[in-house]
Amino acid sequence: MKILIVDDEEIQCQLIKGFLEKQGYDVCYTSNPKEALEIFEKEPIWLVLLDQKMPELTGEELLAKLKEINPKVRAIMITAYGEVETAVKVMKLGADDFLEKPINLDDLLSRIKRLEQETFTNQEAEEVIQKLEEKKELPLKIIAESKQMKEVLSMVARVAKTPWPVLISGETGTGKELIARLIHLLSDRAQGPFIEVNCAAIPETLFESELFGHEKGAFTGATQSKRGRFELAHKGSIFLDEIGEMPLSIQPKLLRVLQESKIMRLGSEREKEVDVRVIAATNRDLKAMVEEDRFREDLYYRLNVFEIKIPPLRHRKEDIPALIEFFIKKYAFRPVKFSPEALNILIKYPYPGNVRELEHIIQRTVTLARGSLVTPEDLPEEVKRFKATKIGPLEERLAQIEKEMILEALKKANWVQTKAADLLGISERVLRYKMAKHGLKKPSKGGN
C-alpha cells in the first residue's frame with residue numbers, strides 16, 4: 001500500500017518517510033501541493049498524509065481535489081496543536097483522521113494500521129456483496145453501510161471457505177439465518193444442500209429421530225425408515241438454529257457427530273459417515289449456560305471454533321435508511337416516499353425486534369398509508385410513542401437509557417445480578433439500588 005506525504009517542511013517529510021519505510025510501507029513525498037496532485041493521478045496512492053497549512057493550496061483544498069480524483073482515498077490531516085475547529089472541519093471534508101503537531105510517530109503508525117485494517121475489511125465486505133449480486137440466491141438483501149456489518153461480512157468471507165463449525169450469535173431478528181445461508185453460499189459446499197433445523201420447534205422426544213433418522217419399527221409409529229437432517233445435509237451444510245434450546249440428552253450425540261463425522265439412526269446398529277459443515281446460531285449466552293450446567297462445555301467449544309456476532313440494529317443505525325429503501329421497494333404497491341420527519345423518527349427508534357421488526361413496520365406503513373408521502377402520523381403507535389418519550393427533559397431521557405441498559409444486561413446474564421453488574425461495570429450493590437429505582441424485577445416463572 002502506497003503512502004503519499006504532502007508537507008512544506010521537507011525535513012518532516014523525510015523523517016516520516018524513513019520511519020514508515022522501516023515498517024514496510026512504500027512511501028513518496030512532496031513539499032508542493034500541486035505536484036502532489038500530479039503524483040496522485042499517476043501513482044496508486046492508498047493513503048495521503050497532508051499538512052493543513054501549506055502555501056498555494058491549504059490541506060483542506062488539496063483534500064477536496066484528491067477526493068474528486070478518487071473518493072475512496074484515505075487521508076490523515078496534520079494540524080497545529082489545539083486547533084479543534086480545524087480538526088472537525090477536515091473530518092467533515094472526508095479525512096479519516098487527524099494528528100496534532102509535533103507528530104508522535106508511534107501514534108501515527110497505530111492510526112495507519114487501523115486504517116489499513118478498515119480498508120481490508122471494506123474490500124472483503126464489497127467482494128461478498130458483489131458475489132451475492134451475481135448469485136442472487138439469498139431471500140433478503142444484505143445491507144452493510146455500517147462499519148459493524150462490514151466487519152461481519154469480512155469475517156464471513158474468511159470463514160466460509162474453511163470446513164470448521166461456526167457459531168452465529170445475536171438478538172432475535174438480527175439476521176442470523178441470513179448469515180448462515182451466506183456462509184454456505186460462499187463455501188465450497190454451495191452446490192450441496194442447506195438444511196435448517198429449528199431446535200426450539202422440535203419436541204425432545206423426537207429430537208434424536210429428526211437429527212439422525214430412524215429405522216422401521218424403531219418406535220411405535222415408525223412404519224418406515226427415515227433419513228435424519230444430518231443425512232439430508234450430506235456434502236452440504238446443516239444450520240442448527242436456536243442451539244441453546246437443544247436438550248442436554250441430545251448434546252453428547254451431536255458432539256460425537258462433530259468429532260467423528262458419523263451418525264447412527266435410531267433403532268440401527270450400523271454407523272453411517274456424513275460429510276456435513278455445522279453452522280449453529282443462538283440468541284442466548286451459551287457461555288453463561290455452560291457455567292450454569294445448562295449446556296455442555298465440550299460441545300460449546302466444538303461449535304465455537306469461529307464466532308460471528310451480529311450487532312443489533314440500534315448499534316448500526318447507518319444501515320437503517322438503506323434497509324427502509326429496500327423494504328419500500330419490496331412491499332409498496334405504488335410509489336411511496338417517507339418525509340424527513342418520519343425517517344428521523346424511524347432512525348431514532350431502538351428496534352427491540354431488530355431488522356425483522358423494521359421490515360414489519362415498513363410493510364404495515366406502506367400498506368396502510370393513504371397518500372404517497374408517509375408522515376410521522378402514518379407510523380405505527382409504538383414508534384410514535386417512543387418519539388414522545390424521547391423529547392422530554394435530559395434527565396428523563398438519561399433515566400430511560402439507563403433502565404434499558406440495565407434490563408438488557410440482566411437478560412443477557414439470565415438475571416444473575418453479579419454477572420449483570422460485571423457487564424455494566426458497576427458493583428452489585430449499585431445494581432440493586434438502580435433496579436429498585438427503575439422498578440426492575442426478575443420475571444416469575446410462567447410470566448412474560
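Seen against the Cα atoms of the chain and their longest principal axis, helix 320-331 is set at about 50 degrees. Computed with every protein chain present, the accessible area of Leu373 is close to 90 Å² [probe 1.4 Å].
Taking all protein chains together and a 1.4 Å probe, the residues Arg284, Arg370 rank Arg370, Arg284 from largest to smallest accessible area.
For the chain, the calculated P(r) over all alpha carbon pairs, in 10 Å bins from 0 to the bin holding the longest distance, is 4, 15, 20, 22, 21, 12, 4, 1, 0 percent.
Using heavy atoms of the protein chains and a probe of 1.4 Å, the accessible area assigned to Asp285 is about 50 Å². Of all lysines in the structure, those lying under 16 Å Cα to Cα from Lys34, and not within fewer than 8 positions of it along the same chain, are Lys42, Lys53, Lys65, Lys67.
Dipole size of the chain about its Cα centre, with +1 on Lys/Arg Cβ and -1 on Asp/Glu Cβ: approximately 2000 debye, rounded to the nearest 20. Relative to the dominant Cα principal axis of the chain, helix 84-93 is inclined by about 70°. Residues within the reach of a label modelled at Leu343 (point 7 angstrom out along Cα to beta-carbon, backbone nitrogen below 17 Å), restricted to segment 306-324, are 317-324. At each listed q (0.15 Å⁻¹), what is the log10 of I(q)/I(0) that the Debye formula gives for segment 102-234 modelled as equal alpha-carbon point scatterers? Cα-only, vacuum Debye calculation for segment 102-234: -0.85.
Residue separation of Asn32 and Glu271 scaled by 0.36 nm, minus their Cα-Cα distance, works out to 78.6 nm of gained length. Using the Cβ-Cβ distance between Thr220 and Gln259 with R0 set to 45 Å, the FRET efficiency from 1/(1 + (r/R0)^6) comes to roughly 0.90. Taking amide H as placed 1.01 Å from N in the peptide plane, the amide H of Ile168 sits under 5 Å from that of Ala280, Ala281, Thr282, Ile308, each at least 5 places away or on another chain.
Only one residue of His234, Thr220, Ala413 has its Cα farthest out toward the positive end of the dipole of the chain, where Lys and Arg carry +1 and Asp and Glu -1 on Cβ, and that residue is Thr220.
The values are calculated or read from the model by the stated rules, or taken from the named source; none is laboratory data. Bear in mind the structure is a predicted one, so any value in this text is a computation, not a measurement. Don't worry about glycine lacking a Cβ; one is built from the backbone with ideal geometry, like all the others, and counts go over all protein chains shown. Surface areas here come from the heavy atoms of the whole protein model, side chains and all, with no ligands, DNA or RNA. Shrake-Rupley method; radii C 1.70, N 1.55, O 1.52, S 1.80 Å.
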